[in-house]
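Everything below concerns the one structure shown next.
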Amino acid sequence: MSKIDFSKFNYGNVADHIEELEDIVGKENVMTSMHDRAIRAASCAPFPMQRWEDHIPDVVVLPGNTDEVSEVMKLANKYRLPVVPRGAGCGLADGAFPLNKGICLDMKRMAEILEVDDINRTVTVQPGVNMQELNKVLAKVGMYYPDDPASYGTAVIGGRIGTNGWSVAGAGSGHPANLVCSMEVVLPDGQIVRVGKGGSKKCRNSSAGFRMLELFFGHQGTLGVVTEAVLDCAPKPEVEFPSYFGFPSYDAAYKALFKMGISGIKCAVNYIMFDDEKIDFLRRDDDAFIPLPETVKCVVMATFAGTEGEVLAARKKSLSIMKAAGGHYLGEEQAWGDWATRHDRYHLAVHCRNKAGQVVTMSWHCEDNCMIHSELPEFTHGLHKIVKKYVEKYDGIFDDAGCFIYTGGPYRTWGDYLAEVDVFINELAMTPELWERWLDMKREIAELAVELGGSISICHGACREGDIDVLIDKELADGQFDLMKRIKKMFDPNNIMNPGKYNLHLAY
């Protein structure tokens, strides 16, 4: 993807409006130092460090309430100032970093829990609230918010909405798009609107009017700014039971995954398959996994949560299914140890060893493709074929860390999956030429996903280099991207909201 030419949009000079921004949110909440701007120029995904200056915002603004967001947007729209909303910055698709500098609208000050409704089982929050902190409060009244991403300790509600995130527990409790009843949104012109399941605030379903709520899931900050959300809460499960089973081959594990998926067990949180390449990688990881016998080639995990009676019955049935499929129960230490690390397995840079046994400094990334069950073997084997080609050609730059295959759909354990290949990247050795090769790898992976009837992204958003052209030309080629452009131009006629993201500048 070539660098976008924004000159035709006649954007204003942000520096001319710093005092006006200070008048809106307070001088202490407008940041212009290089440090404050630079740390908001990227996310935790691999980043082309040699192009850092291209993505540093001109100013960081931290609003404290909806009215302040509205006034900032009115100012930005009047003078054509680019605005990029930012949550915790832990997304993996570059949604929160600017392609054309401008105003970084950092939402972390807006972190209040506004209402806990223990009768209708909802909680109303501002977008800067984190799930882990939220659940500490909800636990006091026997409720919890069941969104459970890998970034549970850091991600915030607004970012989860903007990226249309995915939950590790989604097969049991749903994903963010299923857990938000309504939200307040500030549009690019500063107008404040509320969108819900038909317009209602706390209802979970409605057939009254268009489903406007869904427009703001996965929009990556291109349509507006979420300033409040009403979340659907659940009873805290009485018990959890994670169980891990070893299998002698990929085919045996794949068949067991299918049998578990269609077993009809209602308290299933998820089923996850670790392929043979993942097990090989984890054997050379210092922290992430308990060593397994060499006879174990793949692992299938089954996790259940609910009442004690439900989970005991599910445990008995799953043990029977897995045993009949050739699986070997790996014990409680393995299950609880690995389940506990689901939120932090890849947070350390010095984390793995290469195949020669040397500790290496790498950053982690995953391609979060969605794939239907029938095509999983061809897809995952194809992923490794692509990645290994680059590993062999650029020794020490890339590492194939194997595939995780998670049940993907909300409230169901069959049909499609998050089929992610994990790639470790030596960012410190990255050059412009190597960055282009990384993008080539991403394009090949995206093309394979679409070719086999899947999606480029199940949760992060296919809006970064390497993905976006394939998304437009192939996955959304049946008129969907044209519709996205029409919606974008209607909502944001001056193209100030995260301009260039998803290539939506092509609408103008």
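What follows draws every value from the coordinates through simple rules; no lab data is involved. Since we're looking at a predicted model, the values are computed, not measured. No Cβ is skipped: glycine too gets one built from the backbone with ideal geometry, and neighbour counts run over all protein chains shown.
Summary table
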| read-out | value |
| --- | --- |
| At q = 0.18 Å⁻¹, base-10 log of I(q)/I(0) for region 7-108 (Debye sum, equal scatterers on each alpha carbon) | -0.81 |
| Between helix 308-324 and the chain: long-axis angle, C-alpha atoms, 0 to 90°, nearest 10 | 60 degrees |
| Those lysines that a straight Cα-Cα span of less than 23 Å connects to K278, excepting residues fewer than 8 apart in one chain | K255, K259, K297, K323, K355, K385, K388, K389, K393, K442 |
| Charge-dipole axis of region 1-72 as Lys and Arg at +1 and Asp and Glu at -1 on Cβ define it, positive-most pick from V72, F6, G26 | F6 |
| Value of [θ]222 nm, deg cm²/dmol, for the chain, DSSP H segments ≥ 4, -39500 (n - 2.57) each, nearest 500 | -8500 deg cm²/dmol |
| Distance between region 158-177 and region 113-152 - C-alpha centres, whole angstrom | 14 Å |
| By average C-beta atoms within 10 angstrom, highest first, the peptides 249-256, 235-242 | 249-256, 235-242 |
| Length released on extending from T295 to K323, taking residue separation times 0.36 nm less the Cα-Cα span | 8.5 nm |
| Partners for K201 among aspartates and glutamates (Cα-Cα distance below 13 Å; same-chain residues under 8 apart left out) | E115, D117, E184, E228, D232 |
| q = 0.12 Å⁻¹, the chain: log10 I(q)/I(0) [Debye, one scatterer per Cα] | -1.14 |
| Positive-end residue of S320, I458, I56, charge dipole of the chain with Cβ unit charges | S320 |
| Inter-part distance where region 481-499 and region 409-429 are each reduced to a Cα centre, Å | 29 Å |
| Per-residue Cβ neighbour rank within 10 angstrom, fewest leading, L213, L330 | L330, L213 |
| Rounded to whole Hz, the Karplus (6.51, -1.76, 1.60) HN-Hα couplings of region 443-451, x for glycine and proline | 4, 5, 5, 4, 5, 5, 4, 5, 4 |
| Candidate lysines for bridging to K489, where Cα separation is under 26 Å - those fewer than 8 sequence places away on the same chain excluded | K3, K8, K74, K78, K101, K197, K474, K501 |
| Within region 113-235: Cβ-based charge dipole about Cα centre, in debye rounded to nearest 20 (Lys, Arg +1; Asp, Glu -1) | 220 debye |
| Difference of contour (0.36 nm per residue) and Cα-Cα distance, K259 to D395 | 45.0 nm |
| Mean projected area (nm²) of the alpha-carbon convex hull when region 113-235 is viewed from all directions | 7.2 nm² |
| C-alpha center-to-center spacing [region 1-52, region 278-331] in angstrom | 46 Å |
| Lys, Arg +1 and Asp, Glu -1 on Cβ, resulting dipole of region 239-462 about Cα centre, debye, nearest 20 | 740 debye |
| Check: the chain dipole with +1 on Lys, Arg Cβ and -1 on Asp, Glu Cβ, in debye | 1020 debye |
| Extension reserve of the D440-S200 stretch, reckoned as 0.36 nm per residue once the Cα distance is removed | 81.9 nm |
| Semi-axis lengths, Å, region 374-419, gyration tensor of Cα atoms, sqrt of 5 times eigenvalues | 28, 11, 5 |
| Average Cα contact separation per residue, region 113-235, under 8 Å, 6 or more apart, as relative contact order % | 31 percent |
